[in-house]
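Asks: Before I ask anything, let me first share the structure, which is written out below as structure tokens.
The values are calculated or read from the model by the stated rules, or taken from the named source; none is laboratory data. Not measured: the values here are computed from a predicted model. Neighbour counts run over all protein chains shown; Cβ positions are idealised from the backbone, glycine included.
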Ligand SMILES: [Ca+2]
Ligand SMILES: [Ca+2]
Ligand SMILES: [Ca+2]
């Protein structure tokens, strides 16, 4: 190799090195536009300056060199717990919190990536002033990957116009169907939501008529003692009952927040043999959630594994505008087949009808 050839080789080597270290592989426009309304987005490239957890990182922006705290838009990963001396406490961390955190670390460490966020000021930050961002890295979208891997749940701050909700929902449904990670205990005790009554007429005062109806479709009795409910934007697990409460195979239970006698007076058709659980946690369904899709609740066993969930939207039954309608589960085929989990959108499994607490109408 003469000097000129060596020089050319050296220059080529430099070019290759600069490509491999600096070039960011941006997802195809089709991948991005499947999940995002790109017309409503701004973006910048960045590297991580500090990992916090599965859904939060500090990044260094390449455009202005500033450090920005990013909260991943549209999802929530479970919370880690720390000991007094600042170390991770695996015992008290929520299930899969550490795994989600490591997934995010593996995806971003040493990488340059792009952060997409809303061009509308109102949707840019959460109440803690964290930038609500979507991370595009190496041809994929990290927020969606976390959903698809069952390491995050959908979690909406507001009606963020950059998200295509339906597609994000499908990514989570895929993890639910495969029962991975957060969904590994999904329907394992065969407790199924059969009806939800979120907006009775006059619900502005939260009269206690709201209810959730569940049925034990399994062959084993389930004790609902210390079962938990989590709703909407809250990340708190709230106790339904701290007393023994046995739901036998085939039994239906209505969960609401008023004394049983009051509930039975409100619904004279409620069968005397159907069980009633007066929830210790005084839950209610928000009458005007934003976004309207953000009516989500989870029922979890005491170890914080998700047994059952439902996400629904005001427009499925017109909300308070048509108060008096409840959502009734109509598709029992999968349950009867013994495979409750499927990837049908929740909307196909429920229809709006007159409330029938304690009665399963098909
Ligand atoms: Ca979180
Ligand atoms: Ca309500
Ligand atoms: Ca019913």
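Asks: Please verify whether the range 321-328 includes one or more residues that are surrounded by fewer than 17 Cβ atoms within 10 Å (Cβ to Cβ), farther than 24 Å from residue 262 by Cα, at pLDDT below 90 and within 16 Å of ligand 2 (Cβ to nearest atom).
Replies: So far as the range 321-328 goes, yes, one or more of its residues are surrounded by fewer than 17 Cβ atoms within 10 Å (Cβ to Cβ), farther than 24 Å from residue 262 by Cα, at pLDDT below 90 and within 16 Å of ligand 2 (Cβ to nearest atom).
Asks: Right, another one. Residues of the range 236-246 being over 17 Å from residue 256 (Cβ atoms) and surrounded by 13 or more Cβ atoms within 10 Å (Cβ to Cβ), which ones?
Replies: Listed by number, the residues that qualify are 237, 246.
Asks: Another question, if that's okay. Pick out the one residue from 115, 144 that is buried (at least 23 other Cβ atoms within 10 Å of the Cβ), within 25 Å of residue 347 (Cβ to Cβ) and touching a residue at least 24 places away in the same chain (Cβ under 8 Å).
Replies: On inspection, the qualifying residue turns out to be 144.
Asks: Yes or no: residue 138 touching a helix residue (DSSP H, G or I) at 6+ places or on another chain (Cβ under 9 Å) and on the phi > 0 side of the Ramachandran plot?
Replies: yes
Asks: Kindly indicate whether any position in the range 96-109 is away from ligand 2 (no atom under 16 Å from the Cβ), more than 30 Å from residue 232 (Cα to Cα) and either modelled with pLDDT of 95 or more or not assigned by TED's automatic domain parsing to the domain that holds residue 137 (or both).
Replies: Within the range 96-109, one or more residues are away from ligand 2 (no atom under 16 Å from the Cβ), more than 30 Å from residue 232 (Cα to Cα) and either modelled with pLDDT of 95 or more or not assigned by TED's automatic domain parsing to the domain that holds residue 137 (or both).
Asks: Which condition from (1) touching a helix residue (DSSP H, G or I) at 6+ places or on another chain (Cβ under 6 Å); (2) within 20 Å of residue 227 (Cβ to Cβ) is the one that residue 304 breaks?
Replies: Residue 304 satisfies every listed condition except (1).
Asks: Further question: When the residues of the range 55-80 are filtered to those that are surrounded by 13 or more Cβ atoms within 10 Å (Cβ to Cβ) and in a loop (DSSP other than H, G, I, E, B), which remaining residue is farthest from the chain's Cα centre (by Cα)?
Replies: Per the stated criteria, the residue is 62.
Asks: Also, quick follow-up: Read through the list (1) modelled with pLDDT under 95; (2) closer than 30 Å to residue 338 by Cα, then give the number of the only condition that residue 234 fails.
Replies: (2)
Asks: Let me ask another. So which of 296, 252, 335, 246 is within 13 Å of ligand 3 (Cβ to nearest atom) and either closer than 20 Å to residue 227 by Cα or within 27 Å of the chain's Cα centre (by Cα) (or both)?
Replies: Only one candidate qualifies: 252.
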